[in-house]
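I have placed the structure first, in the form of structure tokens, so that the comments after it can refer back to it.
The values are calculated or read from the model by the stated rules, or taken from the named source; none is laboratory data. Since the structure is predicted, the reported quantities are computational estimates derived from the model, not experimental observations. In this analysis, Cβ positions are derived from the backbone assuming ideal geometry, glycine residues included, and neighbour counts consider all displayed protein chains.
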4 protein chains.
Amino acid sequence: MFIVMHQGHTEKELTDILERLTQMGFTGHVSQGVERTVVGVVGRTYPELKETLELWPGVDDVVPISRPHKLVGREFQPQDSVVKVGDVAIGGEALVVIAGPCAVETEEQLLQSARAVKAAGANILRGGAFKPSTSPYSFRGLGKDGLELLAQARRETGMPVITEVMAPHDVELVLRYADILQVGARNMQNFTLLDEVGKAQMPVMLKRGLSATIQEWLLSAEYILAQGNRQVMLCERGIRTFETYTRNTMDISAIPIIKKLSHLPIIADPSHGTGKWYLVTPVSLAAVAAGADGLMVEVHPSPEHALKDGAQSLTFENFEQLMARVVPVAASVGRKMA
Amino acid sequence: MFIVMHQGHTEKELTDILERLTQMGFTGHVSQGVERTVVGVVGRTYPELKETLELWPGVDDVVPISRPHKLVGREFQPQDSVVKVGDVAIGGEALVVIAGPCAVETEEQLLQSARAVKAAGANILRGGAFKPSTSPYSFRGLGKDGLELLAQARRETGMPVITEVMAPHDVELVLRYADILQVGARNMQNFTLLDEVGKAQMPVMLKRGLSATIQEWLLSAEYILAQGNRQVMLCERGIRTFETYTRNTMDISAIPIIKKLSHLPIIADPSHGTGKWYLVTPVSLAAVAAGADGLMVEVHPSPEHALKDGAQSLTFENFEQLMARVVPVAASVGRKMA
Amino acid sequence: MFIVMHQGHTEKELTDILERLTQMGFTGHVSQGVERTVVGVVGRTYPELKETLELWPGVDDVVPISRPHKLVGREFQPQDSVVKVGDVAIGGEALVVIAGPCAVETEEQLLQSARAVKAAGANILRGGAFKPSTSPYSFRGLGKDGLELLAQARRETGMPVITEVMAPHDVELVLRYADILQVGARNMQNFTLLDEVGKAQMPVMLKRGLSATIQEWLLSAEYILAQGNRQVMLCERGIRTFETYTRNTMDISAIPIIKKLSHLPIIADPSHGTGKWYLVTPVSLAAVAAGADGLMVEVHPSPEHALKDGAQSLTFENFEQLMARVVPVAASVGRKMA
Amino acid sequence: MFIVMHQGHTEKELTDILERLTQMGFTGHVSQGVERTVVGVVGRTYPELKETLELWPGVDDVVPISRPHKLVGREFQPQDSVVKVGDVAIGGEALVVIAGPCAVETEEQLLQSARAVKAAGANILRGGAFKPSTSPYSFRGLGKDGLELLAQARRETGMPVITEVMAPHDVELVLRYADILQVGARNMQNFTLLDEVGKAQMPVMLKRGLSATIQEWLLSAEYILAQGNRQVMLCERGIRTFETYTRNTMDISAIPIIKKLSHLPIIADPSHGTGKWYLVTPVSLAAVAAGADGLMVEVHPSPEHALKDGAQSLTFENFEQLMARVVPVAASVGRKMA
């Protein structure tokens, strides 16, 4: 951490700062520039220290230089993490495809979807039993009944299942049915929930928050790892910007950035990332070309009858076409299908 | 809700749409424009219907026209809601000031702060016992011990107390100590928590999410009212934008907009809205002039020793000066102090 | 255009509106919904009409339904526009690569770059002679001398040249040297400049503004076409968001959206879209997979000595590697190289 | 400027960096932290240097510490600049009000407006003769005829006149009619135009760009001062965010920030800052309370017949009411009316 002094600071302000740093167990290291005096703060600094130092007399700005995350970083673990879910390895050489309906609605809807996405080459089944909903008057999911249906679909198709958990007190229940716990975008900074899934011995997919920086996202993942759960994958699902044509703006650069900063696998969700079914295929191909370890795609037997997110859901036929187009793009960047 | 047809739509697409609408219990009302054909959908529409209709052949766009919120709206209740907390009325003629430290740290820190803000004219004491923290390695609050200290400060000063609740399973505990439950910005769409505070018989302050639209914010408030709790106030605390000079961008227009759309009281939080203590006073004055029903301000005996948010905390002296400047501005817009 | 009436509007307000519409040459078409009354406005509406109608008594909201652009739209011209620049066709089957330094600095720098990018497979040379610069004290380009060097590089390598024009009065000068006029992001709504390049008989590349919606971008292109110049291509170069890790957020969805709404070719600029050289290759591959008609990439003999944008410039070696990786991805989506 | 080394950097990378810095005329100042090595770069650094240094082997990040603006800064000139326009002083003790129609439409419209705003207490008349328009098919202003009408209104009312100049080649023309040249938001980084108004001996109002940071805005003002024109005032008119209820998000904090960083006067434009006439008064009061030196407000004899921006224009009656409410708020923060 560095303290940048005001241009007109006094000598006393500088010596006071050095004394205070010493009292706090740090060493101050003065550097006289042409325009500015800077004090390097040597020791085990922490993010909140910046706010304290900014208030000291004579200080103009405080610049942190350490990255606040630890366990999720490449410095901590240089090699890629591979999360195993049944036979499926996420984060390895093969591209993983997660597909299924936004929400579990009926037995028929879910089983049809599960069979169709499996036939088209998907590896993992998705389906929401607990659904976040902007309005209290909209569909909020089947709850435990939805989890039962997911378990049935797993038995029948053999596919592992991912589903969202929205509340700390539901983790125990969802754990009994799911193979991967999903933490949704709106809960990316629900720290109590992060702690709870961190205590679970099960893979977790952490979606990026609507307005979360990459740094904040990694720190939320750090919460889970800090509780002892290393089976974490990240999911880029678009961020909120001024553009209204799409539901969100897919941050394609986030994929190579996560690969650079972290060892955790990164999945792309072009359904939420765009909000429009006809954009899902081109953005899926883009995500694979950019280095994503997997895709998560919403598929529905009849999108126009979907209770949620119909506009961004693919029909079975559209999903087959997507898969047909994904294979050569994956191959072109040296990846096979899981 | 209106269906805008594609320019080259066929006659059959139009008749199919009318038939489907009828099957769903709606009436379709065709309007031939110069460039476009539009079908008005008459009946009790709901937000999700848009997604369904968008997928029908021949449809270019679907435009909802009803506002999705109900109980929080001025249409539902034209007169202002006034939330009573002990002797303090929030949302009435008088301006309410909530002040205190970001986090409860020690007995001395909290009691000193409580006495100082009361002496300067504050009406309600704030202090966090459960603190959201971006990093798992930072201070996360004293928990139950912090609540005990808040209760002690209330006993001593007579001021009601507001404190944050972060998890549904903590509501019962926090209820026993607080006079107002605060739902933080990161939890604005933690729907399980909203349900839970909606069941509580206690005033709730709902902060706006970092990237929440005004419509989404009102719908989150609607969750609480829909559970039967009408004692809700909103708090504008800045939104996330591209500007990095401030921690957030205070959306000053949100104050008159909320007054227009809703009957709920609106509080301004210039501490989080700016992130810098020297901006708190001018932005407080602005919020009062724009019509806010109250201010929430972070105050600390020694901001540079604060465990959280020191950079945006006022000293006792600065807070006194703020109060001295707020009084004439409040008077200039026809408001007295609570 | 639709007028949504207030819930409690009076009968007189409605009849007044119908009368006024008639006086203005429109026909009002009333539709009684369950919650709202809506008036369809039939006739040749225009965007500004919305603002007028919103002010009429009894009106709650006004919803436009026509798209304001004409000549750039797929409705106007269903088949793709192909812009010819010498032997290079932009917008056809083949992927076009534009490469070169951000700014023209010296004869040696430019010629070395031109030879290197040509050898690696680039089709068009880029280089700025007039450079926008945030600070008045930074390098602003060589001006006419830079144009001369570009002409020399074209003579030597045979590659067509693209360069930016920043002021209406410079169009005539730049025209004499360039094969494609570039309008930069900061000038996307410099309407005087758009008019001027619209009068030129030369291909124009219009970059998207930092905070321009897709609709605004298309309307700026409409300016150029409206002046008679149909040789226009668009360039997505990232938008401004809250994320600070990258210089801009590359809006990958803009590529398929432009292909859907417009017949104009779309180029991707991953150099500005990311601001970091090590992100340029993955984002280039993503753009090609998403359907871009071309790439524009900054290349410099020695990025660390570049006068501008060194951090996002590729070395010759990095550019060769990029090209080697682009070829198979282009093939995988059915595209050959130009 | 500081170089933060990678955690695993080699000794050779460090010595190479020191050698290179010496060759470039800088001194490198090494500081060994617990986790990181940092090199202070001592000498006259410049913003672009960051990009160069970032590319050197072993470098993880480069942190600039000087502010890039000079002439506009408080360090350069501690006391407030006061811009004189006829009898009106902008930036002094008195609050200045600029009012008038968005666009000059007719003699009657302009003269009526001029008389009405003068009668209500406005000090300066606004009116656009050259109008930026998103669509090429919309009203773009009366041009020179509009300027003539402005001159006529000045003769009749004695009020100085502000009007926008959109192109460098129009500066000379507009100069002959205007008392203040306005540079619009879309032209904030039209550097050729900034140079040109910098050469004019006339007051300039520089509006903030839709997605301009405060730093970029100050650097655009620096362009004008660097050309020798010190009569510059800034205008906050809202920034583009994700919120769609308002046309822009008024950045109220920008007012005290500009006062802190710069000596230039700051005007608030609540008409563009909100886009809705019923928000103009509360946001005007907020801006005055936050310390603005003036307001710029759009007023029209009949907003519903306005050719531009009717939705955000006040009627004469509304403007009178605004003025009646501004006076006590201005007084409450120690300001009288100009």
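Name the residues in region B:225-261 that are surrounded by fewer than 24 Cβ atoms within 10 Å (Cβ to Cβ), at negative phi and among the small types (Gly, Ala, Ser), would you?
Within region B:225-261, just B:Ala226 meets the criteria.
If you scan region A:272-281, which residues turn out to be more than 8 Å from every other protein chain (Cβ to nearest Cβ) and not charged (D, E, K, R)?
Once the filter is applied, which keeps residues that are more than 8 Å from every other protein chain (Cβ to nearest Cβ) and not charged (D, E, K, R), region A:272-281 yields A:His272, A:Gly275, A:Val280, A:Thr281.
Which residue out of A:Asp145, A:Asp87, A:Asp61 is closer than 30 Å to A:Glu11 by Cα and out of contact with any Cys (no Cβ under 6 Å at 6 or more places or on another chain)?
The unique qualifying residue is A:Asp61.
For region A:82-131, how many residues meet the condition of being over 20 Å from A:Ala330 (Cβ atoms), in contact with a Pro (Cβ under 7 Å, 6 or more places away or on another chain) and among the small types (Gly, Ala, Ser)?
3
Residue by residue, here is whether (1) loosely packed, with under 15 Cβ neighbours inside 10 Å; (2) within 23 Å of C:Gln312 (Cβ to Cβ); (3) within 21 Å of the chain's Cα centre (by Cα); (4) among the basic types (Lys, Arg) holds:
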| position | (1), (2), (3), (4) |
| --- | --- |
| C:His69 | no, no, yes, no |
| C:Pro78 | yes, no, yes, no |
| C:Ser81 | no, no, yes, no |
| C:Val85 | no, no, yes, no |
| C:Ala89 | no, no, yes, no |
| C:Leu110 | no, yes, no, no |
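Inside region B:152-181, can you point out the residues that are in contact (Cβ under 8 Å) with a residue 40 or more places away in the chain, among the small types (Gly, Ala, Ser) and within 24 Å of B:Ser133 (Cα to Cα)?
Matches in region B:152-181: none.
Across region C:28-72, which residue is nearest to C:Asp293 (Cα to Cα) among those that are among the small types (Gly, Ala, Ser) and more than 10 Å from every other protein chain (Cβ to nearest Cβ)?
C:Gly28
Which numbered condition in (1) touching a Pro at 6+ places or on another chain (Cβ under 7 Å); (2) modelled with pLDDT of 95 or more is the only one that C:Lys144 fails?
(1)
Having 1 or more residues that are within 13 Å of chain D (Cβ to nearest Cβ) is the bar; report the helices (runs of 4 or more DSSP H) wholly within region C:119-234 that clear it.
Counting at least 1 such residues, we get C:171-175, C:191-199, C:214-226.
Filter region A:1-33 down to residues that are assigned to a helix (DSSP H, G or I) and under 21 Å from D:His29 (Cβ atoms) and give me whichever is farthest from the chain's Cα centre (by Cα).
If we take residues in region A:1-33 being assigned to a helix (DSSP H, G or I) and under 21 Å from D:His29 (Cβ atoms), then A:Glu11 is farthest from the chain's Cα centre (by Cα).
Can you pull out the residues in region A:41-75 that are closer than 17 Å to D:Gln32 by Cβ and at pLDDT 85 or above?
Result: A:Val41, single match.
Listed here are the residues, each with its yes/no results for (1) more than 10 Å from chain C (Cβ to nearest Cβ); (2) surrounded by 24 or more Cβ atoms within 10 Å (Cβ to Cβ); (3) more than 24 Å from A:Val72 (Cα to Cα).
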{"site": "A:His263", "(1), (2), (3)": "yes, no, no"}
{"site": "A:Val283", "(1), (2), (3)": "no, yes, yes"}
{"site": "A:Ala289", "(1), (2), (3)": "no, yes, no"}
{"site": "A:Leu307", "(1), (2), (3)": "yes, no, yes"}
{"site": "A:Ser313", "(1), (2), (3)": "yes, yes, yes"}
{"site": "A:Glu320", "(1), (2), (3)": "yes, no, yes"}
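For D:Asp179, indicate whether it is surrounded by fewer than 24 Cβ atoms within 10 Å (Cβ to Cβ) and in contact with a strand residue (DSSP E or B) (Cβ under 6 Å, 6 or more places away or on another chain).
Against the criterion (surrounded by fewer than 24 Cβ atoms within 10 Å (Cβ to Cβ) and in contact with a strand residue (DSSP E or B) (Cβ under 6 Å, 6 or more places away or on another chain)), D:Asp179 qualifies.
Could you list, ordered by first residue, the pairs with Cβ atoms under 6 Å in which the first is in region A:104-122 and acidic (Asp, Glu) and the second is in a helix (DSSP H, G or I) and buried (at least 19 other Cβ atoms within 10 Å of the Cβ), at least 6 apart or interchain?
Close Cβ pairs (under 6 Å, with a partner that is in a helix (DSSP H, G or I) and buried (at least 19 other Cβ atoms within 10 Å of the Cβ)) amount to A:Glu107/A:Leu149.
Among the residues of region B:229-287, how many are hydrophobic (A, V, I, L, M, F, W, C) and without any contact (Cβ under 8 Å) to a residue 24 or more places away in the chain?
Counting residues in region B:229-287 that are hydrophobic (A, V, I, L, M, F, W, C) and without any contact (Cβ under 8 Å) to a residue 24 or more places away in the chain gives 1.
Inspect region A:242-259 for any residue being more than 9 Å from every other protein chain (Cβ to nearest Cβ), under 23 Å from A:Ala94 (Cβ atoms), under 13 Å from the mean Cα position of the chain (by Cα) and of a type outside the set (Val, Ile, Thr) and give the result as yes or no.
Checking region A:242-259: not a single residue is more than 9 Å from every other protein chain (Cβ to nearest Cβ), under 23 Å from A:Ala94 (Cβ atoms), under 13 Å from the mean Cα position of the chain (by Cα) and of a type outside the set (Val, Ile, Thr).
Here is a check on your reading of the model: is A:Arg208 at pLDDT 95 or above, surrounded by fewer than 21 Cβ atoms within 10 Å (Cβ to Cβ), among the charged types (D, E, K, R) and on the phi < 0 side of the Ramachandran plot?
Taking the combined requirement at face value, the residue does not satisfy it.
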